[in-house]
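The values are calculated or read from the model by the stated rules, or taken from the named source; none is laboratory data. Remember, it's a predicted structure, so these values are computed and weren't measured experimentally. Backbone-built Cβ (ideal geometry, glycine too); neighbour counts: all protein chains shown.
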């Protein structure tokens, strides 16, 4: 940055640079409220600290001014807002070539210890009393509760945005009127449709405002007091913005899914919907718990039979013991499916019983053991195909047992010889070269 540029920046001063910043924010599509707040904070710093020129912006006086304002009652969050606004202004001046560097880059924020405002949800009875006590503003409160529109969005709402004759009545929000700058769509239920249809004039135009004015927090507080509704309960406040919290709570208690509530409230973070805009004290947890299935029977009530082996609740141990008793009484080789309920075996046809030997404890004939050839790559012992094969399990991939069967004398000798050879190779590595 040259000396001529610095002199030019000082000549124009902070006021002209602030006007350029406001125009830049408007071109970027920022909300009018945000631009107004930024201009108000910079103008206050310019008046209190004498920031007539960009070269007069210094961190020392700025931090002293913040400390003095905090002692006078300025909250920690507001102090941080002033720091963010002043820092962003200096960064914009650096990007525009009006400053060489940001002089406020090392100003640290204050530690926030003050509690955030916690809002509560209004009950259905409180909403009815509020509408009955303020008939002139009843439509505004109905629309605010059942749509979740914010104060500025209610003020910018036009009759052209309200679609009542569609199969699904809705409000088509214009992007530049919303906080998130999105053209969202809000569903309308029958109650709010009836109120809007009754209030819409016969000669309405698309650009006509739905509401001529929006009640302030002071007016809303007076309406609450007139209806006998407490403004604050246990530190939780009920204001006009809390009507959005009321909508989130009503959606949760009516059985709407979290995704549906996020869509109606126009949230992109599920935590904002579930933790901030849902009042847990109004959730019907008793109804949710009452829907849980019963685990133990009621006094004097027996569980109905649902299984094959008797009453409900018969465990796997009882089933296995029942099968084991029936199989031992019939013989080991008798299939389980051939056991009748009285414990006897179903007789085979005469043609199939010819020249057939029955094995098992009932017949008194021992089970024959068939041994495969010793050259078999998978040696094992087993019963005939009519019985369950029994084979001792070995570790999968165990190299010391691959190709050997220690139960046979020849293979046992082979196993011992291989073990001895491996041991000798570990003790004498030179033997591996032989």
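Residue-wise test of (1) out of contact with any helix residue (DSSP H, G or I) (no Cβ under 7 Å at 6 or more places or on another chain); (2) modelled with pLDDT under 95; (3) surrounded by fewer than 17 Cβ atoms within 10 Å (Cβ to Cβ); (4) outside the structural domain of residue 246 (by TED's automatic domain parsing).
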site: 103; (1), (2), (3), (4): no, yes, no, yes
site: 106; (1), (2), (3), (4): no, yes, yes, yes
site: 109; (1), (2), (3), (4): no, yes, yes, yes
site: 112; (1), (2), (3), (4): no, yes, yes, yes
site: 117; (1), (2), (3), (4): yes, yes, yes, yes
site: 133; (1), (2), (3), (4): no, yes, no, no
site: 153; (1), (2), (3), (4): no, yes, no, no
site: 159; (1), (2), (3), (4): yes, no, no, no
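Listed residues 201, 215, 230; which is out of contact with any helix residue (DSSP H, G or I) (no Cβ under 6 Å at 6 or more places or on another chain), within 18 Å of residue 126 (Cβ to Cβ) and either in a loop (DSSP other than H, G, I, E, B) or not assigned by TED's automatic domain parsing to the domain that holds residue 275 (or both)?
230
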Among the residues of segment 31-42, is any modelled with pLDDT of 85 or more, in a helix (DSSP H, G or I) and more than 41 Å from the chain's Cα centre (by Cα)?
no
Residue hits (segment 232-281; surrounded by 15 or more Cβ atoms within 10 Å (Cβ to Cβ) and on the phi > 0 side of the Ramachandran plot) are 266
